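Undergrad: For reference, the structure I am asking about is given below.
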Amino acid sequence: MSQDNELHDTEDKDWWVIHGADREKTFVNELCPKIGLQAMINPEKANNPYTFDLVVDGNKADLKCQETPFFVAGTKYGINAKYAVTFNKKDLVRYQNLYPDIEIYFWINWQTTEKKIYNKVYQVEPLTGVWKASLSRIEECIEEKGASLHRYKRRVNDRDGNARESYLLDLRWFECVWAKA
């Protein structure tokens, strides 16, 4: 069982943008060939870092790499933390306006499976895999399954462009492309 590693400041957007670009390269160059996906970094990203991340099997795609579980998802939102992922509301709105046909890939690799929060220890079973959802599927889950909207307390007055709120989604609502046994 992995203990809580020192997580980089979640409010440091510039660092996370660079880290995300590195994760995209690893996903495309190392993981996709192993799991049967044909993927490349969107060539438009060279001139526009805000465009969609990838082209996967010929389709527009964005990658959501999550390595730290939302430990309180079960107690706060009723979703097993092992399968809980966050999806920024501002990304949803942007995709709806610019890329309504985009596919979202959730690459999960829990690096930490235990965390102490306010004197309570939370544990999550390990999980590594890739799940895929169309934007329309995510919209259905938000509407029909009542996905909760989490507001980040530390981002109320954020001026760095961090998402102020995210939907809590359950990976089991989506297509599992690959999971490590």
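Undergrad: Are there any pairs with C-beta distances below 6 angstrom linking a residue in the range 127-149 that is within 22 Å of LYS60 (Cβ to Cβ) to a residue that is in a helix (DSSP H, G or I) and at pLDDT 95 or above, with the two at least 6 apart or on different chains, and if so which?
TA: Taking only residues 6 or more apart or on different chains, the pairs are TRP131/LEU171; LEU135/TYR95; CYS141/TRP173.
Undergrad: So, in the range 62-115, of the ones that are among the acidic types (Asp, Glu) and closer than 15 Å to ARG137 by Cα, which residue ends up surrounded by the fewest Cβ atoms within 10 Å (Cβ to Cβ)?
TA: ASP101
Undergrad: Mind listing just one residue for me: the one in the range 40-59 that is in a strand (DSSP E or B) and more than 18 Å from the chain's Cα centre (by Cα) and, of those, farthest from TYR99 (Cα to Cα)?
TA: MET40
Undergrad: How many residues, within the range 95-112, are modelled with pLDDT of 95 or more and out of contact with any strand residue (DSSP E or B) (no Cβ under 6 Å at 6 or more places or on another chain)?
TA: Residues meeting the conditions: 7.
Undergrad: Restricting the search to the range 143-181, which residues are more than 27 Å from PRO126 (Cβ to Cβ), of a type in the set (A, V, I, L, M) and at pLDDT 55 or above?
TA: Hit for the range 143-181 is LEU149, nothing else.
Undergrad: Right, next: Please go through the range 113-124 and give me each residue that is at pLDDT below 95 and hydroxyl-bearing (Ser, Thr, Tyr), ordered by number.
TA: The answer is TYR118, and nothing else.
The values are calculated or read from the model by the stated rules, or taken from the named source; none is laboratory data. Owing to the predicted nature of the structure, the values given are computational and were not obtained by experimental measurement. Using ideal geometry, Cβ is built from the backbone for each residue, glycine included, and neighbour counts are taken over all protein chains shown.
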